[in-house]
Amino acid sequence: MTRLAIYPGSFDPPTRGHEDLARRSLALCDRLIVAIATNSSKQPLFSVEERLELLRAAVGSDPRVSFEQFDGLLADFARKMGARLVVRGLRAVSDFEYEFQMALMNRQLYPELETVFLVPSVDITYLSSSLVREVARHGGDVSGLVHPSVAEALRRRFARPPAPTGA
Ligand code: PNS
């Protein structure tokens, strides 16, 4: 039987942390779906199509990994795809409460669905998409924190128009 896992998230943008988690997830399953939730209440920096493209570039082409988007509940998407495993990253104690609630709610909605938490590589435990956005917005160097395609997309998104020259 094929063990199918889902790694869901906003991925706005994908970071080295997401890449690390996707790679680690492959030790637990035969096939992995990296899935972007499209109905987040957050106003995203990148469109779903842009995030899918960035994820493909960052995670790379492994025949075991596919990239999807989903609207609505993760539990419904997992059931539809026939997945019984959800992978999430736990970086710090501060992540725990939200992740714990989400895992239990998903179990309530789809009892066969198990959530597993993976710990990212220690040098990137502080990393989050929101921090990357913040640093990039202010022109900081994020090249060590994201794939080069993501760094380029951020640079373009936050590029300042040239100052008007005096008449
Ligand atoms: O990267 P994020 O923003 O921490 O990911 C959160 C995400 C997208 C996994 C979560 O918000 C989610 O599963 N959204 C889909 C809607 C849903 O099922 N919500 C209830 C979960 S209890």
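The values are calculated or read from the model by the stated rules, or taken from the named source; none is laboratory data. Fair warning: this is a prediction, and the values are worked out from it, not measured in the lab. Cβ coordinates were reconstructed from backbone atoms using ideal geometry, including for glycine residues, and neighbour counts include every protein chain displayed. Just so you know, the surface numbers come from the protein's heavy atoms only, side chains and all, with ligands and any DNA or RNA stripped out. Shrake-Rupley method; radii C 1.70, N 1.55, O 1.52, S 1.80 Å.
Taking every protein chain into account, the accessible area of the stretch 4-157 amounts to 53 square angstrom per residue (probe 1.4 Å).
For labels at Arg160 and Ser94 in the simple 7 Å Cα→Cβ model, what's the distance in nm? About 2.8 nm separates the two model spin labels. A probe of 1.4 angstrom, applied to the heavy atoms of all protein chains, finds Thr2 with accessible area near 90 square angstrom. Protein heavy-atom surface of the chain, 1.4 angstrom probe: 54% of the accessible area is carbon and sulfur, with nucleic acids and ligands not counted. Under Stokes-Einstein, with the Kirkwood radius over Cα pairs as Rh, the value for the chain at 37 °C and 0.692 mPa s is 195 µm²/s.
For the stretch 79-167, the C-alpha radius of gyration divided by 2.2 N^0.38 Å, with N the number of residues, is 1.58. Extension gain for Ser149 to Val135 (0.36 nm times residue separation, less C-alpha to C-alpha distance): 3.4 nm. Phi-derived couplings, Karplus 6.51 cos²θ - 1.76 cosθ + 1.60 at θ = phi - 60°, listed residue by residue for the stretch 150-166: 6, 4, 5, 5, 5, 4, 5, 4, 9, 4, 8, x, x, 5, x, 7, x Hz, with x used for Gly and Pro. Backbone phi angles across the stretch 70-83, fed through the Karplus curve with coefficients 6.51, -1.76 and 1.60 (θ = phi - 60°), yield HN-Hα couplings of 9, 10, x, 7, 4, 4, 5, 5, 4, 4, 4, 7, x, 9 Hz in residue order; Gly and Pro are listed as x.
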